[in-house]
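Everything below concerns the one structure shown next.
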Amino acid sequence: MIDHQQRIEKANQAIQTAKKKVVNTKHRQKYHFMPPANWMNDPNGLIQYNGIYHLFYQHNPYDAAWGSMHWGHAVSKDFLNWKHLPIALAPSEPYDDDPKGGCFSGTAIVKDNKMHLFYTGSIIKNGRMIQTQCLATSTDFVHFKKHPKNPIIELDFKGADSSNFRDPKVWFVEETGEYYMIVGTSINGKGNVILYKSTDLLEWQCLGPLVEYDEDLGSMWECPDLFSLEDKYVLLFSPMNLNEKTTLYMTGKMDYKSGKFIYDKIGQIDYGFDFYAPQTLLDENGRQLMIGWQNGWEWMPWWQGFGPTYEEGWCGSMSIPRELQLDENGYLTFTPIKELSELRNNLITNVNRKIRNEKVKLAENLPPNFEAHFEFDCLKNPVKIIIENHQGNSLVLKLSNESLEFDRSKADSYNSGSCTMPIKTNNKGIKIFADTSSIEIFSLDGYSVLTSNVYFERGNRNIFISCQEEVELTNFRVDELNLNMEEGE
């Protein structure tokens, strides 16, 4: 009988062989986290302990396509430079060993100097998917053993669907002295999360659905995350089948006596094509940090495939880390973490330039991995920002004081379509983080972010700006951003 450690050793060997083929392939990112090779999706188990950040992630070590899910593992001191560790979890037991299932997403906590990984075991039984919540632990935070009492939670709520019962998030509440868990689900066809509580992390009491609502918020809530931020609680989730909306948040109050989250605000986390399953952690500096998976699924309305990286032997990367804050009205803002500034190598700085009825080249021969900052005196007149490569591929960003229209239809042969990101009135610019095969756009006020994969051909980039009426570009800066992503592998 094959045990868990044997499965992990086999998976690690597969990765060691596969990663030699992907180094320096055309679309490998320069400063975004990627797997050493093969497939990656959701971030899992984000945690910082004793100064070390841990990132686990959904991983198929045998193919660049989705398959039986493992947990990859990496560590970092700054949330940017990562060292890959051995695979943490592999399918090996009757409740998680299935080529169309595996060890699905979850969370990590540390209790009594032992790291606990909570994950969803997913199998197909009698033609139906069965999902349960499971536990694995480690004393060295590298090698994990599955608990003999697994599965620790089986679905026990009427109207919920056992094939949509996944992605546990666990936390401790000092006021009650108890642990709590939410699990994403579908109840009578509506997305929600089920709340549980425990005193020992093994025996769990079901408290029922966390949220009561009337809106259309999708048929299933994946990868839920609940945390306190300043004087409120924030619930993140990725709703399935909600048209273009794939990542949402609610802010409000958590009532542990009733087991209900009472929300008063709903917002969208990202407006782009390729941002899903975000997860957060509270770091030792008191920051709530978030990353998400930069890709999408077949059921999304714009999906046209996972792009060309599959042919290179890998697929999937993570967004840059973002710090979450609340404004005075209870809405979230999203800011790239300050550590990114340490990666900058300044290429261009330009201030107070008037752009009239013309197309102006602002920068040329840029590397694909750059940060560009655009700040305007006033945006009452729309402007177009165009990013081109030497082969003629282009991205077009139409920016006004109300919205950013993002058009990638001429960027590559793998993706098409456009999307719109709302911008609060009087926002005066954007910040762009471009990498070899992705782009992330932040409004300068922090309220809106747009993430998309872009598969330009090799070659340097040019940036143009055009407008029909005069605008003043008060601050324009471009910096190269770079990491040695293969270090530590």
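Some observations on this one:
- Applying the criterion of at least 2 residues that are of a type in the set (Phe, Trp, Tyr) and surrounded by 13 or more Cβ atoms within 10 Å (Cβ to Cβ) to the strands (runs of 3 or more DSSP E) found wholly in the stretch 172-229 leaves 178-187, 220-229.
- Within the stretch 137-150, residues that are closer than 17 Å to Ala11 by Cα reach partners that are assigned to a strand (DSSP E or B) and of a type in the set (Ser, Thr, Tyr) with beta carbons closer than 8 Å, at six or more positions or on different chains, in the pairs Phe144/Thr137; Phe144/Ser138; Lys145/Thr137; Lys145/Ser138.
- Residues that are touching an Asp or Glu at 6+ places or on another chain (Cβ under 7 Å) and modelled with pLDDT of 95 or more, drawn from the stretch 445-463: Val449, Leu450, Thr451, Ser452, Asn453, Val454, Tyr455, Arg461, Asn462
- When restricted to residues that are touching a residue at least 60 places away in the same chain (Cβ under 8 Å) and either among the basic types (Lys, Arg) or closer than 21 Å to Lys114 by Cα (or both), the stretch 11-51 contains 13.
- Looking only at the stretch 303-329, residues that are surrounded by fewer than 18 Cβ atoms within 10 Å (Cβ to Cβ) and more than 24 Å from Asp63 (Cα to Cα) come to 5 in all.
- Considering the stretch 294-397, the qualifying strands (runs of 3 or more DSSP E), each wholly inside and each with 3 or more residues that are aliphatic (A, V, I, L, M) and in contact (Cβ under 8 Å) with a residue 24 or more places away in the chain, run over 344-355, 359-366, 383-389.
- Boolean, Lys253 is outside any loop (DSSP other than H, G, I, E, B), free of Cβ contacts under 8 Å to residues at least 60 places away in the same chain and of a type outside the set (Val, Ile, Thr): yes
- Being farther than 30 Å from Gly177 by Cα and of a type in the set (S, T, N, Q) is a property that does not hold for Thr251.
- Residue within the stretch 260-267 that is within 26 Å of Ser418 (Cβ to Cβ) and more than 11 Å from the chain's Cα centre (by Cα) present: yes
- Among the residues of the stretch 250-289, those that are within 30 Å of Ser437 (Cα to Cα), among the aliphatic types (A, V, I, L, M) and out of contact with any Cys (no Cβ under 9 Å at 6 or more places or on another chain) comprise Ile269, Leu281, Leu282, Leu289.
- Among the residues of the stretch 176-216, the ones that are among the hydroxyl-bearing types (Ser, Thr, Tyr) and free of Cβ contacts under 8 Å to residues at least 12 places away in the same chain come to 0 in all.
The values are calculated or read from the model by the stated rules, or taken from the named source; none is laboratory data. Bear in mind that the values here come from a model prediction, so they are computed numbers and not experimental data. As a convention, Cβ positions derive from the backbone with ideal geometry for all residues, glycine included, and neighbour counts pool all protein chains shown.
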